[in-house]
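Report on the following structure.
The values are calculated or read from the model by the stated rules, or taken from the named source; none is laboratory data. This one's a predicted model, so the numbers in the text were calculated from it and none came from an experiment. Here the Cβ is made from the backbone with ideal geometry for all residues, glycine too, and neighbour counts use every protein chain on show.
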Amino acid sequence: MSSFIEIKDLHFSYVNDLEDPPVKTEVLKGINLNIEKGEFVAVLGHNGSGKSTLAKCINAINLPESGAVYVNGMDTLDENNLLPIREKVGMVFQNPDNQIVATIVEEDVAFALENMGVEPNEIRRRVDEALKTVGMYEYRLHAPHKLSGGQKQRVAIAGIIAMKPDCILLDEPTAMLDPHGRDEVMKTVKMLNEQGVTIVLITHYMEEAAQAQRVVVIDGGEVIMDNVPKKIFSNVETMKNLGLDVPQVTELCWELKKAGYDISTEIIHEDECVKKLYEMLK
Amino acid sequence: MIKDITIGQYFPGNSVIHRMDARIKIIMTAVFIVMLFAANSVWGLLVGIAFTILTFIISKIPGKLMLKSLKPIVPIIIFTAILNLLFIRTGKAYFEWKFLKITDEGVDTAVFMMIRIICLIVGTSLLTYTTSPIDLTDAIERLLSPLKKIKVPVHELAMMMTIALRFIPTLIEETDKIMSAQKARGADMETGSLIQKAKALIPVLIPLFVASFRHAEELALAMECRCYHGGEGRTRMKQLHMSIVDLYGSIFCVLFLAGVIVINIVV
């Protein structure tokens, strides 16, 4: 059986036609990637590596220049597939202010469903359900601009899960939030994944990536690493050369190993590290 | 300064007027405006004033709020009154000096005009105070929907209004931020002549414009991701529906209009 999301030799360029002759910048240079249903994939890469562009290729905002993207077997190049694909694959952006359309929380969550032409009673039911899922039900009549960043982002996520998508793409959803807001959003994301929603999380925070089942590292428009987080982060030097960080605990273990201690660098979670250090000190 | 703007501000409540259908309220407001300008005698105008005061009391909107919405209009009221005083030259003269001539008709019209404008502002503010912006745009979309037949983009206009309302607080916040940022770099916005003050606003307006375009672009993307494809095949979560309250309201409004017309004919 084929994967839920299949990306085959995907090339994509941005064209700046204000210049003469138009300047073409190739951002994605032959991406091959399969994502299965129910997976939690983190995508890492420094700024300009093409990770956001890749995400926009998955829900048919960007169309491949060559190669192909299939979502649940549907080709993103076929215009008839546009709306069905966007119903299957929701996307959450970085700035919560720029993705909230309505002046009342519940109206905003209903926006996607109204676009899809769902019956009013069904919309009501699904909006309430989505708001309860992200824990924002008691705020349903509030004005979005009076909420905190983390709350706004959860409203944005509710707006997506009301569509009942199979997959959610999150493009640095926590970049503009404080630690508390980040925590709120990550908890929501993990809970959704446990309910069977496929998650593709683009992030700059290694601690968030460490919570995924699989990490894909993109550099210069190509997938250069694709593995479980432990394996990815244990290559501390490779990651640093790419301009990326590793979780703090991994770095600690790496430094200890360099200093001659017998410790694995495949440690990515805090409690794991604490346990290991405790054993060593005993 | 910016925060004083009350236009379009919704004051949540549960009065009879709050519960009325937004479409009926818009039509009633239109009828009310006709009523005010149709009244050409003292008695007719009194009916108009009575209507304004009655709806105001029923709506349970705090008087302070209403005064606040009247405040910015005061210069316009005074200006209109002066214009009427000076430029109506018919009737018996109370006072004459060189080209100035104040007549009894001029005074009458000036007073009438002032009362009309005040009633007008109170009446129309009541509409926006008692109706949520979403209901309002929804109602406008419904009321204008016959125009779709002659290719007027009614849905798009309503959508634009909703988004504009949604972004007012965001842009105010942003203006504050930019102003602070410019002040931190030594920009002086408080002192100087009017022209200097206007010039000082340029470094605020330009970043604000750039930011608005960025907001617009990202918002459009986010809307596309949520399957937005115009008004076709769209449903609404909240349906507007008329109830018995709307019937009473309409009757109430029509009675007052009829009253004004009858007074016009009789007096």
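Quick notes
- Criterion applied to A:109, A:118, A:101 was being free of Cβ contacts under 8 Å to residues at least 60 places away in the same chain, part of a loop (DSSP other than H, G, I, E, B) and within 22 Å of the chain's Cα centre (by Cα), and the one residue passing it is A:101.
- Boolean, residue A:32 is part of a strand (DSSP E or B) and more than 9 Å from chain B (Cβ to nearest Cβ): yes
- Qualifying residue in region B:218-233 (condition: closer than 20 Å to residue A:56 by Cα, exposed (fewer than 12 other Cβ atoms within 10 Å of the Cβ) and at pLDDT 90 or above): no
- Residue match in region B:257-266 (condition: touching a residue at least 12 places away in the same chain (Cβ under 8 Å), polar (S, T, N, Q), away from chain A (no Cβ under 14 Å) and over 22 Å from residue A:95 (Cα atoms)): yes
- Qualifying residue in region A:188-202 (condition: within 13 Å of chain B (Cβ to nearest Cβ) and either over 27 Å from residue A:49 (Cβ atoms) or in contact with a His (Cβ under 6 Å, 6 or more places away or on another chain) (or both)): no
- Of the residues making up region A:72-98, just one is facing chain B (nearest Cβ under 7 Å), assigned to a helix (DSSP H, G or I), touching a residue at least 40 places away in the same chain (Cβ under 8 Å) and more than 22 Å from residue A:37 (Cα to Cα), namely A:97.
- Residue B:78 vs. criteria surrounded by fewer than 19 Cβ atoms within 10 Å (Cβ to Cβ) and either without any contact (Cβ under 8 Å) to a residue 24 or more places away in the chain or touching a helix residue (DSSP H, G or I) at 6+ places or on another chain (Cβ under 7 Å) (or both): yes
- Reported count of residues in region A:123-155, each being assigned to a helix (DSSP H, G or I), surrounded by fewer than 23 Cβ atoms within 10 Å (Cβ to Cβ) and facing chain B (nearest Cβ under 9 Å), is 3.
- Test result for residue B:240, within 30 Å of residue B:175 (Cβ to Cβ), within 14 Å of chain A (Cβ to nearest Cβ) and hydrophobic (A, V, I, L, M, F, W, C): no
- Selection from region A:223-244 of residues that are surrounded by fewer than 16 Cβ atoms within 10 Å (Cβ to Cβ) and within 24 Å of residue A:93 (Cβ to Cβ): A:243
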